[in-house]
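Q: Once you've had a glance at the structure underneath, I'll fire off some questions.
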């Protein structure tokens, strides 16, 4: 992932830890790059494209990721 991809994420709601992601953020892993040390947990990949709604949650911290924009075709 390039450094600019990390800047494409957008926090939707800070109180519920909801983050919007785009195809530039794929493959998506939690915690995100640049997360503070106190918010770190084991790295886990999140598949937001698996569900039709484009949403998935981290099993460790509960952060909800929502895919926005056009879905990629083929392998990403």
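Q: So, in the stretch 22-38, how many residues would count as being on the phi < 0 side of the Ramachandran plot and exposed (fewer than 14 other Cβ atoms within 10 Å of the Cβ)? It would help to see each step written out before you state the result.
A: Initial filter on the stretch 22-38 (on the phi < 0 side of the Ramachandran plot): 22-33, 35-38.
Adding the requirement that they be exposed (fewer than 14 other Cβ atoms within 10 Å of the Cβ) leaves 27, 33, 35-38.
Residues flagged as on the phi < 0 side of the Ramachandran plot and exposed (fewer than 14 other Cβ atoms within 10 Å of the Cβ) within the stretch 22-38 amount to 6.
Q: Between a first residue in the stretch 57-76 that is on the phi < 0 side of the Ramachandran plot and touching a residue at least 60 places away in the same chain (Cβ under 8 Å) and a second residue that is assigned to a loop (DSSP other than H, G, I, E, B) and surrounded by 13 or more Cβ atoms within 10 Å (Cβ to Cβ), which pairs have beta carbons less than 7 Å apart while being 6 or more apart in sequence or on different chains?
A: none
Q: Sort out which residues of the stretch 1-53 are under 21 Å from residue 74 (Cβ atoms) and at pLDDT below 65, and write them in order of number. Even if it seems obvious, please write down each step before you answer.
A: First, pick out the residues of the stretch 1-53 that are under 21 Å from residue 74 (Cβ atoms): 1-2, 5, 8, 21-29, 45-52.
Scanning the stretch 1-53 gives 1, 2, 5, 8.
The values are calculated or read from the model by the stated rules, or taken from the named source; none is laboratory data. Please read these numbers as outputs of a predicted model, since none were measured by experiment. Cβ sites come from the backbone with ideal geometry, for glycine too, and all protein chains shown count toward neighbours.
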